[in-house]
Amino acid sequence: MPIFTYNAETSAGKPIRGTIEAVDKAAATASIKRLDLRPLVVTESKGLKINLFTSKKVKTKDITIFTRQLSTMISAGVPLNRAFVTLQEQSENAYFKQVIGDISKEIEGGASIGDALNKYPKIFDDIFVNMVIAGEAGGILDEILKRLATQLEKNETIKKKIKSATTYPKVVFGITILAFVVVMNFIVPKIATMLLELGGPDAKLPPLTRIMIAISDFSKAYAVPIIIVAAIGAFFLRKYLKTPSGKYKYHALLLKMPVIKLIITKVAVARFARTFSSLMSAGVPVNKSIRITSGSIGNKVLEKELLEAAKDVEAGKQLSESLSKSPHYPPIVSQMLAIGEETGQIDKILVKVADFYEEEVDATIESMSSLLEPLMIVILGGMVGLVAASVMGPLGSLTSSLSS
């Protein structure tokens, strides 16, 4: 079906530009008029084509802006069709622009917003779709969209802080590995040759120097096989970690590491509290809310414990009672949930829990960053020190023997 580009005016005289799909120009003009717009120019175009080189990835930032703007428009009483036309025009992501246009057509054809969004699970996850559906049913869609935008912003902030905290150690670690390879394969062999020339074939080198030379010889002899084996091992390990079993074991291992366990648990609790709170406030049933929330936790072990809690709730138990038995969820979560269950204000109490743990995540990441930076410098300095000690020791001995 042809796609038409149009210039039109709203009832207030505001110019607006967009695209619409129709059988012909007359049908396109009629569709534009049904949007309460006055068409000025309607021309057939090739539409929004997504070529092989256009990314189909939509950033969280784009979804957040879309969600907040849609909430504002609905709150202001803007008709849905016009709201989606405006959002499509404002989107800077070519693929997302096309998606918004397709959603607009679905809604114009009689579909609900939730059903239209559900056709794009890679962009709008179960949490997003179910909250929109609940918001539509309860007549509070603008408020739910506002909550969703806030939730997306909070999640993105946590991700950025974790990424920022781990970037420096990754860079330093990479430099350390690269320096080690260069030293062992290029510098140490030359130093070993020089020491043997100075001391002769019978020169007695210190143990540290002999160890460094042995490592260098091994690295030079087996560098290529080691790289090939490491690459193959990394490939299969990555594939295994993508399987349910591999991912679960990896996440279980992370929860056994002291500092990492602390960060993962706090991030998971913050996500659980904010997501579950949002779903409950939207009127989504408890069991469904728990199951949807479990998918946003980010750790398979914690997700499994939450799903087991959902089974207990189905059997008639309180969620707080079930989570109190968990070895990973902090006691404060079950305690606050118990208070919320007694007062009927689970959503409000969990928002406070989410705020508390998000602050805890910030503090923990800052502490980790302040510890990791000097630690990585010490490791890099230690490696340089070992090389220097392995060289200076025999040089000193040889100099002494030559002078005597």
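The values are calculated or read from the model by the stated rules, or taken from the named source; none is laboratory data. Only a predicted model underlies this, so the values are computations on that prediction, with no experimental measurement involved. Heads up, the Cβs are rebuilt from the backbone with ideal geometry, glycines too, and the neighbour counts pull from every protein chain shown.
Looking at this structure, is S11 under 29 Å from F124 (Cα atoms) and either of a type in the set (A, V, I, L, M) or at pLDDT 75 or above (or both)?
Values: under 29 Å from F124 (Cα atoms): no; either of a type in the set (A, V, I, L, M) or at pLDDT 75 or above (or both): yes.
The answer is no for S11.
Regarding region 315-328, can at least one residue be identified that is in a loop (DSSP other than H, G, I, E, B), of a type outside the set (D, E), over 30 Å from P169 (Cβ atoms) and touching a Pro at 6+ places or on another chain (Cβ under 8 Å)?
yes
Has region 164-172 got at least one residue that is surrounded by 16 or more Cβ atoms within 10 Å (Cβ to Cβ) and modelled with pLDDT of 85 or more?
No, region 164-172 contains no residue that is surrounded by 16 or more Cβ atoms within 10 Å (Cβ to Cβ) and modelled with pLDDT of 85 or more.
Among the residues of region 202-209, is there at least one that is modelled with pLDDT of 80 or more, under 13 Å from S390 (Cβ atoms), surrounded by 12 or more Cβ atoms within 10 Å (Cβ to Cβ) and among the polar types (S, T, N, Q)?
Step one: list which residues in region 202-209 are modelled with pLDDT of 80 or more, which gives none.
No, region 202-209 has no match at all.
Select from region 254-288 the residues that are closer than 27 Å to E366 by Cβ and not in a helix (DSSP H, G or I) and list them in ascending order.
L255, K256, M257
Which members of region 129-143 meet the condition of being touching a helix residue (DSSP H, G or I) at 6+ places or on another chain (Cβ under 9 Å), surrounded by fewer than 23 Cβ atoms within 10 Å (Cβ to Cβ) and free of Cβ contacts under 8 Å to residues at least 60 places away in the same chain?
Within region 129-143, V129, I133, E136 meet the criteria.
So which residues in region 349-394 are β-branched (V, I, T), closer than 18 Å to I187 by Cβ and out of contact with any helix residue (DSSP H, G or I) (no Cβ under 6 Å at 6 or more places or on another chain)?
V384
Hey, can you tell me all the residues within region 284-317 that are surrounded by 17 or more Cβ atoms within 10 Å (Cβ to Cβ) and polar (S, T, N, Q)?
Across region 284-317, the qualifying residues are S289, T293, S294, S296, N299.
Looking only at residues that are among the charged types (D, E, K, R) and either surrounded by 13 or more Cβ atoms within 10 Å (Cβ to Cβ) or in contact with a His (Cβ under 9 Å, 6 or more places away or on another chain) (or both) in region 1-22, which one is farthest from G101 (Cα to Cα)? Before you say what the answer is, go through the steps one by one.
Kept after step one, since they are among the charged types (D, E, K, R), are these residues of region 1-22: 9, 14, 17, 21.
With either surrounded by 13 or more Cβ atoms within 10 Å (Cβ to Cβ) or in contact with a His (Cβ under 9 Å, 6 or more places away or on another chain) (or both) added as a condition, the list becomes 9, 17, 21.
Values: E9: 19, R17: 13, E21: 9 Å.
So the residue we want is E9.
Restricting attention to region 23-48, report how many residues are loosely packed, with under 15 Cβ neighbours inside 10 Å, at pLDDT 80 or above, among the hydrophobic types (A, V, I, L, M, F, W, C) and outside any strand (DSSP E or B).
Number satisfying all stated conditions: 2.
Does A273 meet the test of being touching a residue at least 24 places away in the same chain (Cβ under 8 Å), within 23 Å of the chain's Cα centre (by Cα) and exposed (fewer than 15 other Cβ atoms within 10 Å of the Cβ)? So that I can check it myself, show each step before the final result.
Working: touching a residue at least 24 places away in the same chain (Cβ under 8 Å): yes; within 23 Å of the chain's Cα centre (by Cα): yes; exposed (fewer than 15 other Cβ atoms within 10 Å of the Cβ): no.
Taking the combined requirement at face value, the residue does not satisfy it.
Can you name every residue in region 263-288 that is polar (S, T, N, Q) and closer than 15 Å to Q151 by Cα?
Just the residues of region 263-288 that are polar (S, T, N, Q), to begin with: 265, 275, 277-278, 281, 287.
Within region 263-288, T275, S277, S278, S281 meet the criteria.
Any residue in region 223-246 that is farther than 21 Å from N185 by Cβ sitting within a Cβ distance under 8 Å of a residue that is among the hydroxyl-bearing types (S, T, Y)? List the pairs, counting only those 6 or more apart or interchain.
Within 8 Å, the pairs are L241/Y250; G246/Y240.
Each row is one residue, and each column tells you yes or no for (1) β-branched (V, I, T); (2) touching a residue at least 40 places away in the same chain (Cβ under 8 Å).
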| position | (1), (2) |
| --- | --- |
| L319 | no, no |
| K325 | no, no |
| A338 | no, no |
| E342 | no, no |
| I346 | yes, yes |
| L350 | no, yes |
| V353 | yes, yes |
| T364 | yes, yes |
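Scan region 289-310 residue by residue and report those that are of a type outside the set (A, V, I, L, M), out of contact with any Phe, Trp or Tyr (no Cβ under 8 Å at 6 or more places or on another chain), farther than 18 Å from L350 by Cα and part of a helix (DSSP H, G or I).
Matches in region 289-310: E308 only.
Can you tell me which residues in region 355-382 are exposed (fewer than 15 other Cβ atoms within 10 Å of the Cβ) and either at pLDDT below 75 or among the small types (G, A, S) (or both)?
Within region 355-382, A363, S367, S370, E373, G381, G382 qualify.
For region 79-182, which helices (runs of 4 or more DSSP H) that fit wholly inside it have 1 or more residues that are in contact with an Asp or Glu (Cβ under 9 Å, 6 or more places away or on another chain), more than 30 Å from A273 (Cβ to Cβ) and acidic (D, E)? Step through it out loud before you land on a result.
Working: elements: 80-90, 94-108, 113-117, 126-138, 141-182.
Qualifying helices (runs of 4 or more DSSP H): 94-108.
Given (1) touching a Phe, Trp or Tyr at 6+ places or on another chain (Cβ under 7 Å); (2) under 20 Å from A22 (Cβ atoms); (3) without any contact (Cβ under 8 Å) to a residue 24 or more places away in the chain, identify the lone condition not met by G110.
So the condition that G110 fails would be (1).
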